[in-house]
Amino acid sequence: MTEGGERLQKVLARAGVASRRAAEDLIEAGRVKVNGAAASLGQRVQPEDHITVDGQPVAAPAAQVTYMLHKPAGFVTTAHDELGRSTVLDAMPPVPGLHPVGRLDKDSEGLLILTTDGDLTMRLTHPRFEHEKIYRVWSDPWPGAAELAELRRGVELEDGFARAEVEPAPGGALALLREGRKRQVRRMFAAVGCPVDRLLRFRVGGLWLGDLGPGEYTQLGPRELAWLLQPDAGQQTPEQAQQEALTRRLWL
């Protein structure tokens, strides 16, 4: 068995041959070979290994790509929409396997991650990682001291108790959350009598929206991916501090 490398079923899934579970079935059925020899479940392969399924060579999986999109209002966060509405993929280049991570509802705006990397998706969406997200909220009426205090203490929603770290901002507030229930910010502000007029997310983990305009996107490199995977922004680099200052100047 080859040491190091990636598990064969993961490579097959990334190459678009089948899901990981289906790839395991192919391996167990003896339909997969590595360098001419029948593969075994759990086998690890190197980039130079020659892999075939039913005698057909498997193309090397494309490199994973991750983008940050400034999602415009009116776009739904899904790959396909049965109602024919514009989806976030309509704003992106046609990259096979690209999918949104998490959600922003149709009327909300701001920082949305799209990736081809399933492991990154899991890291960003699994509750145990608790990545911080900051939202700029505009509401009518504005929340006063009493409403902000209630949001900090927590409010009861139909799917359970929820709280946020909030601070006042012109026309509304800033809200920091460590979870991502459906329409959570809107429901929390409505619960204290301050319905949301506009909602924009401008930070996820240690990644800031900066000056990215609505509908614009940028591919993330290793530095930005490292920022994104920070659970919070407590250990900022000077570049991150600049991005935070720019973001706050533009969106507050």
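The values are calculated or read from the model by the stated rules, or taken from the named source; none is laboratory data. Just so you know, these numbers come straight off a predicted model, no measurement behind them. A quick note on method: Cβ atoms are made from the backbone with ideal geometry, for glycine too, and the neighbour counts reach across all protein chains shown.
Within segment 90-107, the residues that satisfy the criterion of being farther than 22 Å from H126 by Cβ, part of a loop (DSSP other than H, G, I, E, B) and either modelled with pLDDT of 85 or more or among the acidic types (D, E) (or both) are M92, P93, P94, V95, K106, D107. Here R14 meets the list (1) under 17 Å from the mean Cα position of the chain (by Cα); (2) surrounded by 15 or more Cβ atoms within 10 Å (Cβ to Cβ) almost entirely, failing just condition (1). Being of a type in the set (G, A, S) and without any contact (Cβ under 8 Å) to a residue 40 or more places away in the chain is a property that G206 has. Total residues in segment 230-245 satisfying the condition of being in a loop (DSSP other than H, G, I, E, B) and surrounded by 12 or more Cβ atoms within 10 Å (Cβ to Cβ): the figure is 6. Cβ separations smaller than 7 Å between residues 6+ apart or across chains give the following pairs from segment 112-126 residues that are within 19 Å of E179 (Cβ to Cβ) and in contact (Cβ under 8 Å) with a residue 24 or more places away in the chain to residues that are hydrophobic (A, V, I, L, M, F, W, C) and loosely packed, with under 15 Cβ neighbours inside 10 Å: R123/F129.
Within segment 196-229, the set of residues being charged (D, E, K, R) and surrounded by 17 or more Cβ atoms within 10 Å (Cβ to Cβ) comprises R201, R203, E224.
Among the conditions (1) of a type outside the set (A, V, I, L, M, F, W, C); (2) touching an Asp or Glu at 6+ places or on another chain (Cβ under 7 Å); (3) assigned to a strand (DSSP E or B), R181 misses just one, which is (3).
The set of residues in segment 198-229 being outside any loop (DSSP other than H, G, I, E, B), charged (D, E, K, R) and in contact with a helix residue (DSSP H, G or I) (Cβ under 8 Å, 6 or more places away or on another chain) consists of R203, R223. Go through E239, E216 for me and flag whichever is in contact (Cβ under 8 Å) with a residue 24 or more places away in the chain and farther than 24 Å from L157 by Cβ. Exactly one residue qualifies, and that residue is E216.
Each residue in segment 83-126 was checked for being closer than 27 Å to W251 by Cβ and under 13 Å from the mean Cα position of the chain (by Cα), and 19 pass. Scanning segment 17-55 for residues that are acidic (D, E) and touching a residue at least 12 places away in the same chain (Cβ under 8 Å), we see that the one that is surrounded by the most Cβ atoms within 10 Å (Cβ to Cβ) is E24. Counting the residues of segment 56-89 that are surrounded by 13 or more Cβ atoms within 10 Å (Cβ to Cβ), in contact (Cβ under 8 Å) with a residue 24 or more places away in the chain, part of a loop (DSSP other than H, G, I, E, B) and in contact with a Ser or Thr (Cβ under 8 Å, 6 or more places away or on another chain) gives 7. For the criterion of being over 20 Å from the mean Cα position of the chain (by Cα) and closer than 22 Å to V137 by Cα, A191 passes. Summed over segment 121-178, residues that are among the aromatic types (F, W, Y), within 28 Å of H70 (Cα to Cα) and either assigned to a strand (DSSP E or B) or not assigned by TED's automatic domain parsing to the domain that holds T247 (or both) total 2. Within segment 66-77, none of the residues are more than 21 Å from the chain's Cα centre (by Cα) and at negative phi.
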